[in-house]
C-alpha cells in the first residue's frame with residue numbers, strides 16, 4: 001500500500017495546535033525545575049531517567065489530546081475559537097493529508 005503525502009504550509013509559531021509546552025515539555029520543565037547540572041552528561045542522564053520512568057499512558061494521553069485538538073479544527077472548518085480564555089486562534093493553520101494510492 002502506497003501513500004501520497006501532501007504537506008501544507010505551517011506557521012513558525014502556532015500556539016493553538018502545538019504550543020511548545022503541549023503535554024511533554026510542561027511536566028519535563030516541572031521535573032527539572034531547580035536542578036543544577038555540573039556537566040552536559042549529568043543533564044542527559046537525568047533526562048534519560050525521566051523518560052525511562054514515564055508510563056506508556058503518558059504518551060497515549062498526549063497523542064489522544066492532540067488528536068482531539070485536530071478534530072476540533074476539522075469540525076469547525078478552520079473557524080476561530082476561544083481557547084482557555086486566551087486570544088482566539090485559527091486552529092487549522094496546519095494540515096496534512098494522506099491519500100491512499102493504488
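The values are calculated or read from the model by the stated rules, or taken from the named source; none is laboratory data. Treat the numbers as computed from the prediction; the structure is a model and nothing was measured. As a convention, Cβ positions derive from the backbone with ideal geometry for all residues, glycine included, and neighbour counts pool all protein chains shown.
Hey, does the stretch 91-102 have a residue that's surrounded by 12 or more Cβ atoms within 10 Å (Cβ to Cβ), at pLDDT below 55 and in contact with a strand residue (DSSP E or B) (Cβ under 8 Å, 6 or more places away or on another chain)?
The first filter runs over the stretch 91-102 and keeps only residues surrounded by 12 or more Cβ atoms within 10 Å (Cβ to Cβ), leaving 91-95.
Now drop any that are not at pLDDT below 55, which leaves 91-95.
When the remaining residues are screened for being in contact with a strand residue (DSSP E or B) (Cβ under 8 Å, 6 or more places away or on another chain), the result is 91.
Taking every residue of the stretch 91-102 in turn, at least one turns out to be surrounded by 12 or more Cβ atoms within 10 Å (Cβ to Cβ), at pLDDT below 55 and in contact with a strand residue (DSSP E or B) (Cβ under 8 Å, 6 or more places away or on another chain).
In the stretch 41-57, which residues are out of contact with any helix residue (DSSP H, G or I) (no Cβ under 6 Å at 6 or more places or on another chain), at pLDDT 90 or above and in a helix (DSSP H, G or I)? Break it down stepwise before answering.
Restricting attention to the stretch 41-57, the residues satisfying the condition of being out of contact with any helix residue (DSSP H, G or I) (no Cβ under 6 Å at 6 or more places or on another chain) are 41-49, 51-57.
Next, from what is left, pick out any that are at pLDDT 90 or above: 41-49, 51-55, 57.
Residues satisfying the conditions are 41, 42, 43, 44, 45, 46, 47, 48, 49, 51, 52, 57.
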